[in-house]
Structures are given as C-alpha cells and as structure tokens.
Amino acid sequence: MATGTGNELIDCLAAFQADPETLAVMMIGEIGGSEEERAAEWIKANMTKPVVSYIAGVTAPPGRRWVTPAPSSRARRGTAQAKMDALAAAGVHVCLNPTEAGQKMGEIVKAL
C-alpha cells in the first residue's frame with residue numbers, strides 16, 4: 001500500500017529478497033517517521049540476505065525535523081538512534097556514515 005511517499009521500504013526489501021541476482025541490500029534511511037522500524041521487523045522475520053544500513057541525521061539535534069519536498073500527513077517520529085537500534089536487533093549491519101556503509105557492503109559482497 002503506497003502512502004504517497006513512493007515505494008515503501010518493505011516493498012523494496014521484499015523485491016530484493018525475491019530477486020535471485022541480489023546478493024545483499026543497502027538501505028539508507030533518515031530521521032523522522034517509523035518506516036525503518038517497520039522495515040526492521042520485516043527484515044528480522046523475512047530477510048535472508050545481508051542488509052547494510054545508514055540512517056542520515058544521526059547528528060541532528062533532538063526534535064529536529066527534516067524538510068521534505070512533499071507534505072506528509074504522517075507524524076514525524078523515530079530518532080536515528082531508535083532506528084539504528086531496531087535495525088541492529090534485526091541483524092542489520094548498521095553504519096554511522098556513508099563511507100562506513102560502503103566499506104561494509106564491499107566486505108560482505110567480497111565474502112559471498
């Protein structure tokens with residue numbers, strides 16, 4: 001079900017999980033909303049391929065909202081730390097910056 005923000009993370013993850021040519025998945029999220037926490041639950045229950053994640057906005061002050069190009073009726077909640085904790089609990093390789101995420105993905109793919 002689309003919410004007006006484009007493809008849902010879970011829909012994308014399911015497509016990557018079903019694709020026999022996909023070896024691993026890089027998921028980049030941002031502060032606000034709860035989609036990454038929902039994705040973490042789905043990953044834990046359904047994903048067998050390695051997932052690397054980076055959440056943009058880790059250094060944003062508490063309560064900071066990011067401006068998006070389209071208005072959203074959904075409440076903006078979900079701190080970077082809450083998202084990273086949920087993803088880590090689901091077995092995702094959580095990285096603190098884009099460089100680390102790229103390096104981790106390289107290590108994973110090289111080991112496959």
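The values are calculated or read from the model by the stated rules, or taken from the named source; none is laboratory data. These figures come from a predicted structure and were not determined experimentally. Here Cβ is always computed from backbone atoms with ideal geometry, including for glycine, and neighbour counts include all displayed protein chains. Surface accessibility is based on the protein's heavy atoms, side chains included, excluding ligands, DNA and RNA. Shrake-Rupley method; radii C 1.70, N 1.55, O 1.52, S 1.80 Å.
Structure values in brief
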read-out	value
Subset of segment 10-44 [without any contact (Cβ under 8 Å) to a residue 12 or more places away in the chain and among the small types (Gly, Ala, Ser)]	Ala15, Ala18
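Conditions tested, residue by residue: (1) of a type in the set (Phe, Trp, Tyr); (2) open to solvent by less than 30 Å² (accessible area, probe 1.4 Å); (3) within 21 Å of Ala101 (Cβ to Cβ); (4) at pLDDT 95 or above.
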| residue | (1), (2), (3), (4) |
| --- | --- |
| Met1 | no, no, no, no |
| Gly4 | no, no, no, no |
| Ala18 | no, no, no, yes |
| Ile31 | no, yes, yes, no |
| Ala39 | no, yes, yes, yes |
| Gly57 | no, yes, yes, no |
| Thr68 | no, no, no, no |
| Arg74 | no, no, no, no |
